[in-house]
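Take a look at the structure below.
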Amino acid sequence: MIRENWRIGLLVIFVLAAAVALFAPGLGGGVAANATNGNVTTGPTNLQYGLDLSGGSQIRAPLSGLTAEGVDVGPQGGNNLTGQVASELNVSTTDVRVRTGNGSATVEVYSGNVSQRAFASALQSAGYDVQQGDVSDGLTKQTYDTAVEVLSNKISESGLSGGSVQTVSSGGERYVSIEVPNQNRSELRELVADQGQVKTVAYFTIEGNRTPSYCEGPVGTNASGNGSANGTGPTTCNVTALPSQQSFQDVRPVRQDQQTGEPVVPVTLTEEAAKPFTEKMQRFGFDDPANRTCGYGRGGGGHCLLTVRDGEVVYSAGVDPDLARGFASGEFVDDPVYQTSAQNASQAQGLQVDLQAGALPAPLNLQEGTSQYILPSVAQRFKGLSLVTGLVAVLAVSVAIFVRYREPRVAVPMLLTGLSEVFILLGFAATIGLPLDLSHIAGFIAVIGTGVDDLVIIADEILQSDVSTGRVFKSRFRRAFWVIGAAAATTVIAMSPLALLSLGDLRGFAIITIVGVLIGVLITRPAYGNVLRRLLTDN
Amino acid sequence: MAALDVLAVDYTDYTDRQLAAIPLVVLVLALAVLGGWFLMTGAPVTPGIEFTGGTELQVTTGAGQAQIQDTFAALPAVDGQPTVTPTAGGNTFIVTTQSTDTDALTSAAESAGYTVESVQETSASFGSDVQQLGVLGLAAAFVGMALLVFVLFRSFVPSIAVILSAFSDIVVPLALMNLFGIELSLGTVAALLMLIGYSVDSDILLNNHVLKRRGDFYESTYRARRTGVTMTLTSISAMAVMAIVASKFVFNIPLLSQVGLVLVMGLAVDLMNTYLLNVSLLRWYKFEGIAR
């Protein structure tokens, strides 16, 4: 008995497993919630919904930059190369990344303004055999991983809940995809548009007219504070004191300074950063409590620490006398804690997020991606309406089937089998945590369509004339199955380019259709044959 | 089913040429439409903003269509006239423009007092990548299907019959899309791919009945047709209902209605191709092709 009806048994097992996956208390809700509510769309299930059906914003964009692979650097090549390429291209050393392994290196430049030709010739003048053809648009997976991590940090630091960041690739090109529910599109864009590189620059007056060689170029596009630029103020010098966020070990939430009332971000430097920072402070006179005036942006000169974000000076301030004494005595090295200020609370908040989350390795190129925003209430409406659409489609199928067969014993199991297919598929979606979008709904409806087609083939084959013996049943079932299997194979082949090429939003549709067809052919449709046999024959 | 009786034609009354003529003429006409479209617009079909790049906004407002048009046309970012299409409720409009300056568009909409329901923006470069992939995916799917069909039947004429009718099942809906003003979108590409799977079902069924089973040609064809027409009509009814229910006149879920509409067209064409073109090729093969 069991041996004969194993197909039905298998179907029951899968339906139960899907029910567990859908309704077992987990992420979404519980059995109790479902019992009281009974409505699949309001969230008692473990199903997850994507942007289309839950609302929110999504931005997809590539990182700007170029990659040269297989640069033959030998065992020692790396460090030198970064500096050489950076100075050739006139970009910061933080914008060049060299990863070495087995004597060859992958060199990336994190800028949208460098041409492939310029990058290749920079590597050539550094003494490496690189042709323009070796340089490709785009950045490595490692860089994308870093970017994803930083963006996730930024989103959680800024208090947005439920956001997700991931790398998606489409036709060999990588994109960062950022999704945040209930978030206004422009706010999200603002949060991720900037690279958020924060560095601290020491700005100070120098005696005499000769600019020492350790001085760096002017900082920021608004170089007004730099007195020497217009020749009226004193000669000044810029030296990077802290090159990036990596110098900070701990960043505290924004608070108000008790004396000045300004919003400040308390920070602690790392051990590695504290010593060179203190030495620079001592060397350039920041350790003298008398040098507390800062003239940056107010006539120039003095001793200032500039907070520079993505090349813009966002804040300038003199060193507090207590802090200066700490630099002088060297106590600061052991307790490298100070606070960096900002002009207003929102700027301080932004600075805190940048310091805490880190900087994007390369800027996002928002001009070459996509963005999407759906009002949550509209998405909710889509969710309900697409369920209704699916049900209406099922109803249409039912009517067609009843008109054709006029035999409930054939038609009812057919519909139940078709629905169980969708149910198992929903269980699959819940199990792998697939966020359902409209394209998946289209996939579900496609599965109902192909499913019922196959059930019609089985029914017609078996109902040809009386099925008297098990042997006749078996041979007819096998013949029906050849057609079904062949049709399923073509559907899988037709959909697999989409699933593999991952054409953005159609991937979900292709995956649902393929998995649905497989579930149908392997589990539900054979079971229907078995049900028919039970109902129409005595054995 | 009533439609079954309509299709219960007596094939013996017609020659192979007569049977094949109708679907072939339709296919040639469809190709002519696509060719003409290519000459006129530079592309065989009209790609939507998902492929050309641009922004689609859905706004709700009490304002009229012309007023909305003016609001967006006045923006410096918008080059030329944006398209404004009203939908079901009467208060919801879909605005489409080639501009990707979404910030400007949404803030213009908000300052005019419209509620922005959704914004979808695709950059031109991303769109052209997606389009390339879409064409590649469609071609790969078709070639994969063709190879599989050859493996399944291992004879030339029946395989070609399946492939030709699948080709026609895709080309005719593409031409109809042009005539009905439906743009190529991700949804319609998905539907076209789905058509490859759907259309081959009934062809495989027919070939299987005629080639792999004992019995008279007309008897086999009749059985295959009975099953196949039921399948296709069931699918057509499901898709037609989906296309209507999801259309902008009822629920306004564009993706689902596009998929439904393209599938209805494709499946209807498939009925013609399978039971006229495919049958005639198979009959020729069975009675003359094998004998030679």
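Taking residues in segment B:254-272 that are more than 9 Å from chain A (Cβ to nearest Cβ), and partners anywhere that are surrounded by 24 or more Cβ atoms within 10 Å (Cβ to Cβ) and charged (D, E, K, R), the pairs with Cβ atoms closer than 7 Å and at least 6 places apart or on different chains are B:266/B:169; B:269/B:169; B:270/B:169.
Examine segment A:470-487 for a residue that is buried (at least 22 other Cβ atoms within 10 Å of the Cβ), within 38 Å of the chain's Cα centre (by Cα) and either more than 30 Å from residue B:247 (Cα to Cα) or modelled with pLDDT of 85 or more (or both), and state whether such a residue exists. Within segment A:470-487, one or more residues are buried (at least 22 other Cβ atoms within 10 Å of the Cβ), within 38 Å of the chain's Cα centre (by Cα) and either more than 30 Å from residue B:247 (Cα to Cα) or modelled with pLDDT of 85 or more (or both). Residues of segment B:161-171 include none that is of a type in the set (S, T, N, Q) and within 28 Å of residue A:169 (Cα to Cα). Just to be sure before I move on: is residue A:411 at the interface with chain B (Cβ under 8 Å from one of its Cβ atoms), in contact with a helix residue (DSSP H, G or I) (Cβ under 9 Å, 6 or more places away or on another chain), in a helix (DSSP H, G or I) and not basic (Lys, Arg) in the structure I sent? When the stated conditions are applied, residue A:411 does not pass them. Taken residue by residue, segment B:90-98 has at least one member that is of a type in the set (Phe, Trp, Tyr), more than 9 Å from chain A (Cβ to nearest Cβ) and within 21 Å of residue A:374 (Cβ to Cβ).
Within segment A:102-143, the set of residues being among the hydroxyl-bearing types (Ser, Thr, Tyr) and under 17 Å from residue A:91 (Cα atoms) comprises A:110, A:111, A:115, A:121, A:125.
Residue-level analysis places residue A:324 outside the set of residues that are over 30 Å from residue A:260 (Cα atoms) and modelled with pLDDT of 85 or more. Residue check: residue A:367 meets all listed conditions (1) surrounded by 17 or more Cβ atoms within 10 Å (Cβ to Cβ); (2) within 14 Å of another protein chain (Cβ to nearest Cβ) but one, namely (1). Flag not set for residue B:149, criterion: buried (at least 16 other Cβ atoms within 10 Å of the Cβ), touching a helix residue (DSSP H, G or I) at 6+ places or on another chain (Cβ under 8 Å) and in contact (Cβ under 8 Å) with a residue 60 or more places away in the chain.
Here is a yes/no grid of residues against (1) among the charged types (D, E, K, R); (2) surrounded by fewer than 20 Cβ atoms within 10 Å (Cβ to Cβ); (3) in contact with a strand residue (DSSP E or B) (Cβ under 9 Å, 6 or more places away or on another chain); (4) assigned by TED's automatic domain parsing to the domain that holds residue A:252:
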position	(1), (2), (3), (4)
A:287	yes, no, no, yes
A:300	no, no, yes, yes
A:303	no, no, yes, yes
A:313	no, no, yes, yes
A:357	no, no, no, no
A:383	yes, no, yes, no
A:392	no, yes, no, no
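Name the residue that is surrounded by the most Cβ atoms within 10 Å (Cβ to Cβ), counting only residues in segment A:150-178 that are of a type outside the set (A, V, I, L, M), touching a strand residue (DSSP E or B) at 6+ places or on another chain (Cβ under 8 Å) and away from chain B (no Cβ under 14 Å). Ranking the candidates gives A:163 first.
The residues in segment A:2-46 that are within 29 Å of the chain's Cα centre (by Cα), modelled with pLDDT under 70 and either within 18 Å of residue A:420 (Cα to Cα) or part of a helix (DSSP H, G or I) (or both) can be counted, and the count is 3.
Residue-level analysis places residue B:198 outside the set of residues that are assigned by TED's automatic domain parsing to the domain that holds residue B:41, touching a residue at least 60 places away in the same chain (Cβ under 8 Å) and more than 24 Å from the chain's Cα centre (by Cα).
Residue-by-condition table, conditions (1) over 23 Å from residue A:57 (Cα atoms); (2) crowded, with 17+ Cβ neighbours inside 10 Å; (3) touching a Leu at 6+ places or on another chain (Cβ under 9 Å):
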residue: B:80; (1), (2), (3): yes, no, no
residue: B:92; (1), (2), (3): no, yes, no
residue: B:103; (1), (2), (3): no, no, no
residue: B:106; (1), (2), (3): no, yes, yes
residue: B:123; (1), (2), (3): no, yes, yes
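Take residue B:204 and decide whether it is within 7 Å of chain A (Cβ to nearest Cβ), without any contact (Cβ under 8 Å) to a residue 12 or more places away in the chain and either crowded, with 21+ Cβ neighbours inside 10 Å or charged (D, E, K, R) (or both). Judged against the criteria, residue B:204 is not a match. Going by the conditions given, is residue A:431 over 20 Å from the mean Cα position of the chain (by Cα), of a type in the set (Ser, Thr, Tyr), modelled with pLDDT of 85 or more and under 30 Å from residue B:226 (Cα atoms)? It is false that residue A:431 is over 20 Å from the mean Cα position of the chain (by Cα), of a type in the set (Ser, Thr, Tyr), modelled with pLDDT of 85 or more and under 30 Å from residue B:226 (Cα atoms).
Residues in segment B:108-121 that are among the hydroxyl-bearing types (Ser, Thr, Tyr) and crowded, with 16+ Cβ neighbours inside 10 Å: B:114, B:118.
In contact (Cβ under 8 Å) with a residue 12 or more places away in the chain, under 23 Å from residue A:388 (Cβ atoms), touching a helix residue (DSSP H, G or I) at 6+ places or on another chain (Cβ under 7 Å) and part of a helix (DSSP H, G or I): does that describe residue B:282? Judged against the criteria, residue B:282 is not a match. Close Cβ contacts (under 6 Å, 6 or more residues apart or on different chains) running from residues in segment A:382-401 that are closer than 15 Å to residue A:419 by Cβ and more than 8 Å from chain B (Cβ to nearest Cβ) to residues that are surrounded by fewer than 22 Cβ atoms within 10 Å (Cβ to Cβ) and at pLDDT 85 or above comprise A:398/A:415. Of all residues in segment B:118-131, those being in contact with a Phe, Trp or Tyr (Cβ under 9 Å, 6 or more places away or on another chain) and at the interface with chain A (Cβ under 8 Å from one of its Cβ atoms) number 7.
The values are calculated or read from the model by the stated rules, or taken from the named source; none is laboratory data. Fair warning: this is a prediction, and the values are worked out from it, not measured in the lab. All Cβ positions, glycine included, derive from the backbone under ideal geometry; neighbour counts span all protein chains shown.
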